[in-house]
1. Can you pull out the residues in region 114-124 that are exposed (fewer than 15 other Cβ atoms within 10 Å of the Cβ) and under 17 Å from ALA23 (Cβ atoms)?
2. Specify the residue that is modelled with the lowest pLDDT; the eligible residues are those in region 129-151 that are assigned to a loop (DSSP other than H, G, I, E, B) and under 25 Å from the mean Cα position of the chain (by Cα).
3. If you scan region 65-80, which residues turn out to be closer than 21 Å to ILE25 by Cβ and either at pLDDT below 95 or of a type in the set (A, V, I, L, M) (or both)?
4. Given the conditions (1) outside any helix (DSSP H, G or I); (2) open to solvent by 20 Å² or more (accessible area, probe 1.4 Å); (3) out of contact with any Ser or Thr (no Cβ under 6 Å at 6 or more places or on another chain); (4) in contact (Cβ under 8 Å) with a residue 60 or more places away in the chain, which single one is not true for GLN57?
5. State whether the residues of region 80-93 include one that is open to solvent by 20 Å² or more (accessible area, probe 1.4 Å) and free of Cβ contacts under 8 Å to residues at least 60 places away in the same chain.
6. Enumerate the pairs (first residue in region 104-121 and within 16 Å of PHE82 (Cα to Cα) and outside any helix (DSSP H, G or I); second residue anywhere and open to solvent by 30 Å² or more (accessible area, probe 1.4 Å) and among the β-branched types (Val, Ile, Thr)) with beta-carbon separation below 8 Å, excluding pairs fewer than 6 apart on the same chain, so at least 6 apart or on different chains.
7. So which of GLU163, GLU127, GLU156 is surrounded by 15 or more Cβ atoms within 10 Å (Cβ to Cβ) and touching a residue at least 60 places away in the same chain (Cβ under 8 Å)?
8. On the basis of being open to solvent by less than 20 Å² (accessible area, probe 1.4 Å), without any contact (Cβ under 8 Å) to a residue 24 or more places away in the chain and more than 19 Å from the chain's Cα centre (by Cα), does ALA169 make the cut?
Amino acid sequence: MTTLLITNGDQTADLLAAAGSRAIILPWRDVLHDGPLPALDTLEAVSAVRAAHLAAQFQFDQDTIAATFAERDAVMRRHAEFDRIELWFEHDLYDQLQLVQVLDFFAREERSKGIVLVQADSFFEQERPDTVMRFAIDGVRVSPALLQTASTIWSELTAPTPEPIARRAAKPIKGFPFLQDALARFLEELPQPGTGLNRTEMRLLDAVGMDELSPAALFRQAREAEDAPFMGTWPFYAIIDSLAFCDFPLVSGLHARYSHADSEVHAEYVMAPLSLTDMGEDILSGAQDHVATNGIDRWWGGTELKGFASWRFDRRSQTLLEPR
């Protein structure tokens, strides 16, 4: 029997290989909560958009990323060669978005036979090679109905407004025990009314307002504050950059944007003590609004947030608000 194992990234792939898995292991390697999720017909077309975004956002060579995605997508196109396909994904937003995209692919291919879903309510990286395989015991067969649900949710994620996901996150999702909470957390990355800050930005500025903290310390705090941490350092530092290098900065203390490619910039950046500007204090208090002041230019799934009016999500009332 030939087996393909698809999982969230290289660390889990290495762990499963060390555990003795004889499968071909395919890490997904995409930060789908960051940047556009286009409503396109093929995995390859989506990959092209994602590669361009990741290259621009995180200072990668676009050709290298495109080639990596092309290799991944080529393996997916060979799925008929595998009798068994195991999907290993965790409970956090990062993994759950990847899982939905993978299942949407198989829905389009009309392939459910031999696909097994292995989900965890903790992180595989906390396991050892001799313990990680325990999650396989609870693996479930993927049905055509489960594929259809995932495909519908992927179309909702790629919709031009957050409305379908706001409706979806309001109730449990059959067959996906962790997806409702993940989508609810995703909605909180929309700007909040009053301040124009999303949940990550608000927590970050709160912390800086209490004490001068470095980006590295802020990242540790942010992860500890999440029930299911989903954000890596690079997306987090990109958020800090967006608050420090806008027209009216909210934080000060950085001399340059983050760069993983430049060791000197990296070393200085991660340890730089940050403080709130006067504008940061005004926005954090609600006296000013970040979107109305600095504008917004980013994607939330298939929704483009651009200009000085934006979709917003009221975290207290759990209400989605249209741009105005």
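The values are calculated or read from the model by the stated rules, or taken from the named source; none is laboratory data. Note that the structure is predicted; figures quoted are calculated from it, not measured. Positions of Cβ are generated from backbone atoms using ideal geometry, with glycine treated the same way; all protein chains shown enter the neighbour counts. Ligands, DNA and RNA are excluded from the accessible area calculation, which covers all protein heavy atoms including side chains. Shrake-Rupley method; radii C 1.70, N 1.55, O 1.52, S 1.80 Å.
1. Within region 114-124, no residue meets the criteria.
2. If we take residues in region 129-151 being assigned to a loop (DSSP other than H, G, I, E, B) and under 25 Å from the mean Cα position of the chain (by Cα), then GLY139 is modelled with the lowest pLDDT.
3. Of everything in region 65-80, those that are closer than 21 Å to ILE25 by Cβ and either at pLDDT below 95 or of a type in the set (A, V, I, L, M) (or both) turn out to be ILE65, ALA67, ALA70, ALA74, VAL75, MET76, ALA80.
4. (1)
5. yes
6. Final answer for the pair search is VAL116/VAL140; LEU117/VAL140.
7. The unique qualifying residue is GLU127.
8. Considered against the rule, which asks whether it is open to solvent by less than 20 Å² (accessible area, probe 1.4 Å), without any contact (Cβ under 8 Å) to a residue 24 or more places away in the chain and more than 19 Å from the chain's Cα centre (by Cα), ALA169 comes out as no.
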